[in-house]
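A.B. asks: One structure, as C-alpha cells, below. Some questions next.
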Amino acid sequence: RTFGEKVKCFTEEGYVTPKMADALRHVLDAGNASAHRAYFPSKEDLTTCVELVKHLMHGIYILSPKVAKVAENTPKRDRT
C-alpha cells in the first residue's frame, strides 16, 4: 500500500485522529517534496516533522501498551 493508504488505515483503526492524519499527510508531502522537488525545509519545519512522527510513534508504541497495563491492573468495579 501507499503511505497515504496506510495513514487512512491507521485512522480507520483508531491509531490516529483525522487531524493527526492530515498532519501526517503534510509531513509526507514535505518529505516527497524534499526527495522529488528540490525542497529544502527550514530547520524549524524539519524539526516539526520529526516531532510529529515521534509523537505518533510514542503514542502507539510506548503509551498504548502502558495504558493497557494500567487497565489490566485496575480493579474492576463491582456492579452489584
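The values are calculated or read from the model by the stated rules, or taken from the named source; none is laboratory data. Values in this document were obtained by computation on a predicted structure and should not be read as measured data. Backbone-built Cβ (ideal geometry, glycine too); neighbour counts: all protein chains shown. Calculation scope for accessible area: heavy atoms of the full protein, side chains included, ligands and nucleic acids excluded. Shrake-Rupley method; radii C 1.70, N 1.55, O 1.52, S 1.80 Å.
A.B. asks: Over the chain, with every protein chain in place, what whole percent of the accessible area is carbon and sulfur at 1.4 Å, could you tell me?
C.D. replies: Answer for the chain: carbon and sulfur cover 60 percent of the accessible area.
A.B. asks: If I fit a long axis through the Cα atoms of helix 3-12 and take the longest principal axis of the Cα atoms of the chain, what angle between them do I get, 0 to 90°, rounded to 10?
C.D. replies: 20 degrees
A.B. asks: Restrict the search to the chain; then list the GluC sites (Glu not before Pro) that DSSP places in a loop and that have at most 13 other Cβ atoms within 10 Å of their Cβ.
C.D. replies: 13
A.B. asks: Near the amide H of residue 16, under 5 Å away, which other amide H atoms are found, from residues 5 or more places off or on another chain, if H is placed in the peptide plane?
C.D. replies: Long-range HN contacts for residue 16: 11.
A.B. asks: Report, in degrees rounded to the nearest 10, the 0 to 90 angle that the Cα long axis of helix 18-36 makes with the longest principal axis of the chain.
C.D. replies: Helix 18-36 sits roughly 30 degrees off the main axis of the chain.
A.B. asks: Between residue 79 and residue 6, what is the label-to-label distance in nm when each label sits 7 Å out along the Cα-to-Cβ direction?
C.D. replies: Between residue 79 and residue 6, the simple spin-label model gives 3.9 nm.
A.B. asks: Using 7 Å Cα-to-Cβ label points, what is the residue 66/residue 13 separation (nm, one decimal)?
C.D. replies: Here the modelled spin labels are 2.2 nm apart.
A.B. asks: Per residue, how large is the accessible surface of the chain? Use a 1.4 angstrom probe and give square angstrom.
C.D. replies: 85 Å²
A.B. asks: Still on this structure, please answer the following. Counting only pairs 8 or more residues apart or on different chains, how many lysine pairs in the chain have their Cα atoms under 26 Å apart?
C.D. replies: So the count works out to 13.
A.B. asks: To continue, here is another question. Pairing the Cα long axis of helix 43-57 with the longest principal axis of the chain, what angle in degrees results, from 0 to 90 and rounded to the nearest 10?
C.D. replies: 30 degrees
A.B. asks: Starting from 0 in steps of 10 Å, tell me what percent of the Cα-Cα pairs of the stretch 3-46 lands in each bin.
C.D. replies: Distribution as computed: 29, 43, 26, 3 percent.
A.B. asks: On average over all directions, what projected area in square nanometres does the chain have, based on the convex hull of its Cα atoms?
C.D. replies: Answer in nm², one decimal: 7.5.
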